[in-house]
Each structure stands twice: as structure tokens, then as C-alpha cells.
1. When only residues in the stretch 161-192 that are closer than 12 Å to A147 by Cα and part of a helix (DSSP H, G or I) count, which is modelled with the lowest pLDDT?
2. Look through R32, R62 and report the one residue that is charged (D, E, K, R) and modelled with pLDDT under 90.
3. Output the number of the condition that A104 fails; it satisfies all remaining conditions of (1) under 16 Å from the mean Cα position of the chain (by Cα); (2) among the small types (G, A, S); (3) within 24 Å of G20 (Cα to Cα).
4. State whether one or more residues within the stretch 82-101 are loosely packed, with under 15 Cβ neighbours inside 10 Å and charged (D, E, K, R).
5. Read through the list (1) touching a residue at least 60 places away in the same chain (Cβ under 8 Å); (2) under 26 Å from I119 (Cβ atoms); (3) assigned to a loop (DSSP other than H, G, I, E, B), then give the number of the only condition that E201 fails.
6. Can you run down the residue pairs with Cβ atoms below 8 Å, 6 or more apart or on separate chains, where the first is in the stretch 128-142 and modelled with pLDDT under 85 and the partner is assigned to a helix (DSSP H, G or I)?
7. Report yes if L112 is modelled with pLDDT under 90, assigned to a helix (DSSP H, G or I), more than 24 Å from A34 (Cα to Cα) and hydrophobic (A, V, I, L, M, F, W, C), otherwise no.
8. Against the conditions (1) buried (at least 20 other Cβ atoms within 10 Å of the Cβ); (2) polar (S, T, N, Q); (3) in a loop (DSSP other than H, G, I, E, B), where does Q68 fall short? Just the number, please.
Amino acid sequence: MRPLRYLWRVPLLLLHVVLGVLLCSLVITWRRNAVMKDGREPFAHRTIRWWSTALLRIFGLRSVRVGQPLADPVLFVANHTSWIDIELLHSQRAACFVAKAEIASWPLVGWLASAGGTIFHRRGSNHSLAAVMQVMVDRLRGGRSVAVFPEGGTGHNGVLRVFHARIFQAALDAEVPVQPVALRFARDGRRVVDAGFREHENFMQNFLRLLGEAPLDAEVHFLAPVAAMPDARRRMAETARERIAQALEDKPGHENHA
């Protein structure tokens, strides 16, 4: 079935990208500073959610929400396995993501990411991290939610890596809640652990593999907020990781590899 899926998904994807460029030019770029008021999402945020949901459908992914996201502003912390995680969370809530600086230079993708409010970070640079943290605080204080992947990179084979604690300081400085989010791919209720990056798989290889993949459920689990602990960021990180790990688990014998 993979060749047949490419036959109809590729043209749809191209049309959807063109539509994304038009929406960014006409809606999102003009209203990039819009914020939620009284719990109501601005039109630009709803546009991002619609476009992301449709993109997932083209890849055969059905976005499923479990639980409820807190009202903006909030710091969302999520597990990370693939580039598709950004669109998955965006399908449920428009947020400013922190992403590696290399993405900014990618043709078209970098422009779309910038229009969506992405905050770019140069890995391994303490100066870059300090600047990113300040931008995060400014966005949160301004009413925008920010989403981060505290593992600092993508995991493989369903392994949840250690969460970096320093990133939680932005929520403490901005005095906003921290909500863990578990991103989980499943088929017939059983977790599919290699929907994300496989070891040594690059972006284009993963992109093409997912584009031809059989349908999956893409679950977004909004979990209980983590209590603010100004003197214990490490404990905040561990608590968020524990809640995400629990949400990712299957019952014994129910793990599935695509």
C-alpha cells in the first residue's frame, strides 16, 4: 500500500504547503503577537491548529486529545521523538516552540517556523541559552504559551531521556504554570515507538517513511500541572518526566513497533 499512499499524499502535501505559505502571509504574520483573551484563542492560533491537524491527516495521523490544556500563558514540556511532534502539539494548542538554530536556515520550513513564533537556540552555547531563556520569559509574560522538549534532543526506541532542569526556570521567572504533555503514537490502542526518528535516520528519511506509513493515532496527553518549586528545579523536571513516562506506558504486552 505504500506506493499508493505516496500517489495521493504527495500532491495533497504540496497543495497544503502552498496553502500554509498563503496563510502565513495573509493571517499569521500580521497577527503573530495575538494572545488568548478570556480563554478564547485568537484567529491566528486557530489557523495554526487547523493547518497542523490537516498536515497530520495527510501523513495518516489522527490527532487525539487526552485531557485539557491550561489557558495561556503556560510552559508546556513534552517528550520528543520526531519533527512531527511540533505539528502534533500545534494541532491542539498554538505555542512558541524552542527549536535548534539550524532550522531557521532551512528553505521555507525556517520561514514557516519563524512566522509561528519559534524561538531558535544554538545548542552547546550558554550565551544562546541565556538569550533564549529571556525570550521565553518575555513571551510568557506577554501572554503567549511556550513549548519545550526538556530532553534536549530526540529519543529513540521509546526511551525517555533525562529532562534538563534549567529550562523550568523560565516558568518560575514568568510566574506561569508548567504542564507536562505526553506525545504518543498508537495503533489499535497500542503504542508505536518507532513512528519517530530511528537511530541514524535523518529528517528526510523520517519524513518520507512517515508519509508512506499506515494510519496511526497521534495522541496528545495534557497532564496534571507541576507545582512550582523555586528551590528545586530538578524535582520539577523529574516530576514532569515521571508523569509523561506513565502516560506513555502500555499495559504489559501491548507495545507495538510499526
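The values are calculated or read from the model by the stated rules, or taken from the named source; none is laboratory data. The model shown is predicted, which means the values in this text are computed figures rather than measured ones. Every residue, glycine as well, gets a Cβ built from its backbone with ideal geometry; the counts of neighbours run over all protein chains shown.
1. Here the residue is I167.
2. Details: R62 fails: modelled with pLDDT under 90.
That would be R32, the only listed residue that is charged (D, E, K, R) and modelled with pLDDT under 90.
3. Just one mismatch for A104, condition (1).
4. yes
5. It is condition (1) that E201 fails.
6. Note: pairs meeting the criteria are S128/A101; L129/R166.
7. So L112 fails the test.
8. (1)
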